[in-house]
């Protein structure tokens with residue numbers, strides 16, 4: 001009997017923790033919707049509760065049996081330490097061999113250790129790398145921005161080992177094709193995908209009922225308009241800019257004697273947590289912002305379904321899953337002019353800011369909050385529907401299985417050392 005093909009996923013996180021980020025969400029989706037035709041493995045990180053660091057373990061995630069190997073203990077992967085986690089992860093891979101039939105990588109650096117591993121390797125690109133390197137602001141947002149020539153030299157060396165390079169950003173995919181013309185047939189655009197079993201819209205009655213309950217729980221007036229931000233508190237996402245936009249929005253509403261009352265919910269953790277709290281205090285917004293920390297997908301989905309607008313203030317993006325999740329829940333999106341989101345939004349599902357300034361973001365938020373009836377949940381869910389995980393992920397697995405069946409594989413065990 002022919003054995004199943006093995007997919008090994010490599011990323012520096014623990015899927016059972018409340019970790020934040022689109023990469024983590026995508027990996028969870030790939031595990032959850034993996035067909036039974038595959039054996040799935042994850043090489044990730046553990047924590048102090050996990051005593052079997054460096055060993056394969058039988059585990060279950062989202063009702064799927066998987067093999068899990070934590071390379072090292074990492075208590076909180078939402079916070080960046082003195083030594084970048086990617087460096088620790090890459091170092092832990094050196095000298096090991098986790099080669100399998102299919103290998104998925106979501107960062108380039110760990111593939112320094114995989115050059116001689118046999119099997120089909122796929123690199124997922126989650127941001128517009130070119131825009132990321134050129135982005136203004138905090139150089140610490142991505143350390144490679146200090147050494148762009150070194151990054152692209154490393155990339156040109158490592159990228160040739162991949163059978164596929166898949167980007168969720170059309171500009172990034174085009175950039176790679178132009179930069180590596182000899183590899184252009186391996187490079188393609190892939191849709192990011194959201195879990196439609198978790199993120200879905202409510203009826204108007206249920207939405208209104210649950211929103212009133214949220215207002216009561218937070219001690220806010222029933223008519224309060226809720227703005228939602230979810231993501232790592234990191235310079236890329238720039239939540240400080242959104243807080244400044246909220247300050248401008250409140251000033252605008254007050255000067256116009258507008259009765260709209262607004263409240264910002266921030267979901268996430270990261271290195272900007274303390275700076276963000278300081279800005280909230282300095283701007284006098286303590287009673288108008290609630291920081292909720294890291295939440296589970298189910299908890300985040302509930303907020304998406306009852307908030308009035310979701311806001312992205314990012315400096316650069318690929319196609320943020322959190323935007324798709326908001327739209328799938330029937331919530332319109334305000335976004336900066338970055339990544340793939342602006343090309344998805346329609347006139348009745350969101351607003352694209354022409355400038356990444358507090359004034360422009362405030363105006364976009366006001367446009368949606370004051371004209372709620374112009375942004376209907378049906379329009380939002382219609383935009384998100386093509387990105388539902390069951391169709392997108394199943395298509396990827398289907399292509400993998402087709403390529404596997406054409407190889408007539410040799411019956412052998414995949415190394416686990």
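The values are calculated or read from the model by the stated rules, or taken from the named source; none is laboratory data. These numbers come from a predicted model, not from an experiment. Note that each Cβ is placed from the backbone with ideal geometry, even for glycine, and that neighbours are counted across all protein chains shown.
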Review point. Applying the selection to the stretch 160-178, what residues are surrounded by 16 or more Cβ atoms within 10 Å (Cβ to Cβ) and touching a residue at least 24 places away in the same chain (Cβ under 8 Å)?
Key: 162, 164, 165, 166, 167, 168, 169, 171, 172, 173, 175, 176
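Among the residues of the stretch 169-190, is there at least one that is assigned to a loop (DSSP other than H, G, I, E, B) and either within 27 Å of residue 299 (Cβ to Cβ) or not assigned by TED's automatic domain parsing to the domain that holds residue 116 (or both)?
Pass one, the stretch 169-190, residues assigned to a loop (DSSP other than H, G, I, E, B): 169, 180, 190.
From what is left, the residues that are either within 27 Å of residue 299 (Cβ to Cβ) or not assigned by TED's automatic domain parsing to the domain that holds residue 116 (or both) are none.
No, the conditions are met nowhere in the stretch 169-190.
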Revision key, fill the gap. Given the conditions (1) touching a strand residue (DSSP E or B) at 6+ places or on another chain (Cβ under 9 Å); (2) part of a helix (DSSP H, G or I); (3) touching a residue at least 60 places away in the same chain (Cβ under 8 Å), every one holds for residue 86 apart from (1)
Study note, to complete from the structure: If we ask which residues in the stretch 353-382 are within 15 Å of residue 310 (Cβ to Cβ), surrounded by fewer than 18 Cβ atoms within 10 Å (Cβ to Cβ) and in contact with a helix residue (DSSP H, G or I) (Cβ under 9 Å, 6 or more places away or on another chain), their number turns out to be 1
Check your understanding: In the stretch 142-166, what residues are at pLDDT 95 or above and out of contact with any helix residue (DSSP H, G or I) (no Cβ under 9 Å at 6 or more places or on another chain)?
Key -> none
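Considering only the stretch 167-199, state which residues are farther than 17 Å from residue 320 by Cα and out of contact with any strand residue (DSSP E or B) (no Cβ under 9 Å at 6 or more places or on another chain). Quick ask: steps written out before the conclusion?
Residues of the stretch 167-199 that are farther than 17 Å from residue 320 by Cα, as a first pass: 174-188, 197.
Answer for the stretch 167-199, where residues must be farther than 17 Å from residue 320 by Cα and out of contact with any strand residue (DSSP E or B) (no Cβ under 9 Å at 6 or more places or on another chain): 178, 179, 181, 182, 184, 185, 197.
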Check your understanding: part of a helix (DSSP H, G or I), in contact with a strand residue (DSSP E or B) (Cβ under 8 Å, 6 or more places away or on another chain), free of Cβ contacts under 8 Å to residues at least 40 places away in the same chain and within 23 Å of residue 355 (Cβ to Cβ) - does that describe any residue in the stretch 243-262?
Key -> yes
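Just to be sure, is residue 268 modelled with pLDDT under 95 and farther than 20 Å from residue 357 by Cα?
Values: modelled with pLDDT under 95: yes; farther than 20 Å from residue 357 by Cα: yes.
Yes: the conditions hold for residue 268.
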Exercise for review: With the checklist (1) within 29 Å of the chain's Cα centre (by Cα); (2) surrounded by fewer than 20 Cβ atoms within 10 Å (Cβ to Cβ) in hand, flag the one item residue 268 doesn't pass.
Suggested key: (2)
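Looking at the stretch 95-103, can you tell me whether even one residue there is surrounded by fewer than 16 Cβ atoms within 10 Å (Cβ to Cβ) and in contact (Cβ under 8 Å) with a residue 40 or more places away in the chain?
Applying the first criterion (surrounded by fewer than 16 Cβ atoms within 10 Å (Cβ to Cβ)) to the stretch 95-103 yields 95, 97.
Remaining after also requiring in contact (Cβ under 8 Å) with a residue 40 or more places away in the chain: 97.
Yes, the stretch 95-103 has at least one match.
Listed here are the residues, each with its yes/no results for (1) assigned to a strand (DSSP E or B); (2) modelled with pLDDT of 65 or more.
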| site | (1), (2) |
| --- | --- |
| 104 | yes, yes |
| 107 | no, yes |
| 110 | no, yes |
| 115 | no, yes |
| 133 | no, no |
| 140 | no, no |
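Could you tell me whether any residue of the stretch 210-231 is assigned to a loop (DSSP other than H, G, I, E, B), touching a residue at least 24 places away in the same chain (Cβ under 8 Å) and within 30 Å of residue 34 (Cα to Cα)? Steps first, answer last, please.
Within the stretch 210-231, the first condition is being assigned to a loop (DSSP other than H, G, I, E, B), and the residues that meet it are 219-224, 231.
Checking which are touching a residue at least 24 places away in the same chain (Cβ under 8 Å) leaves us with 220-221, 223-224, 231.
Narrowing further to those that are within 30 Å of residue 34 (Cα to Cα): 231.
The answer is yes; a qualifying residue exists.
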Review point. When you look at residue 46, is it outside the structural domain of residue 230 (by TED's automatic domain parsing) and either without any contact (Cβ under 8 Å) to a residue 24 or more places away in the chain or within 27 Å of residue 391 (Cβ to Cβ) (or both), yes or no?
Key: no
Review point. Can we say residue 231 is at positive phi and modelled with pLDDT of 95 or more?
Key: no
Check your understanding: Does residue 226 qualify as being touching a helix residue (DSSP H, G or I) at 6+ places or on another chain (Cβ under 9 Å) and surrounded by fewer than 24 Cβ atoms within 10 Å (Cβ to Cβ)?
Key -> yes
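Could you please let me know if residue 129 is buried (at least 18 other Cβ atoms within 10 Å of the Cβ), modelled with pLDDT under 95 and at negative phi?
Working: buried (at least 18 other Cβ atoms within 10 Å of the Cβ): yes; modelled with pLDDT under 95: yes; at negative phi: yes.
Considered against the rule, which asks whether it is buried (at least 18 other Cβ atoms within 10 Å of the Cβ), modelled with pLDDT under 95 and at negative phi, residue 129 comes out as yes.
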